[in-house]
1. Which stretch or stretches of segment 58-83 have amide N atoms under 13 Å from the point lying 7 Å from Ala22's Cα along the Cα→Cβ direction?
2. For Glu15 and Ile117 in the same chain, what is the full-extension length gain: residue separation times 0.36 nm, less their Cα-Cα distance, in nm?
3. To the nearest whole percent, what portion of all C-alpha pairs in the chain is separated by more than 21 angstrom?
4. How big is D for segment 1-66, in µm² s⁻¹ as a whole number, if Stokes-Einstein is applied with the Kirkwood radius of its Cα pairs at 20 °C and 1.002 mPa s?
5. Considering segment 83-143, what Rg and Dmax in Å follow from its alpha-carbon atoms?
6. Might you report the magnitude of the Cβ-based charge dipole of the chain about its Cα centre, with Lys and Arg at +1 and Asp and Glu at -1, to the nearest 20 debye?
Amino acid sequence: MFNPSRDEVRQFFTETWRKERAGEILTPLESMAADWIGEHPEYHDALANPESREADYSPDRGQTNPFLHLSMHLAISEQLSIDQPPGIRRAHDRLVARLGSPHDAQHAIMDCLGQVIWEAQRSGTPPDTDAYLALIERRASRD
């Protein structure tokens, strides 16, 4: 299983953004990441600044970690591509219909993923994929 370090993740995103801006050839994963970076212009300056790799983004100070946010987009995109957990793609499609955009649907799923990861870390157990899918389905069925 691929388990990159914090530095490797940050280097991946900053290097992907550099290559995208320079018009260089991207790998398929870099291309997917570049698409998500393009959806988040608020992160462009941080990704272009090598010093951002060392930053400690603190939610307590109202900061969003662009590397974590983009990593979650990539993780969800991969889950959707293989429909894992089974049913996530259908729930995502319902979210898109309800919210009006794939980006907004991903953000709704991201909230669910964050909750499940937080609960797993707190309890010291693996993430509960059944609970994850149930949270997503609940979001998709809200009126």
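We did not get these values from a lab; they are worked out from the coordinates using the rules stated. What you see is a predicted model, and the numbers here were worked out from it, not measured in a lab. Every residue, glycine among them, receives a Cβ derived from its backbone with ideal geometry; neighbour counts consider all protein chains shown.
1. So the set is empty, nothing qualifies.
2. Values: separation 102, 0.36 × 102 = 36.72 nm, distance 2.70 nm.
Using 0.36 nm per residue and subtracting the Cα-Cα distance, I get 34.0 nm.
3. On the way: 4877 of 10153 pairs.
So the portion of pairs separated by more than 21 Å is 48 percent.
4. On the way: Rh = 12.5 Å.
The Stokes-Einstein estimate is 171 µm²/s.
5. My reading of the Cα-based Rg and Dmax gives 11.5, 36 Å.
6. Working: 15 positive and 24 negative charges, 67 e Å.
Its charge dipole is roughly 320 debye.
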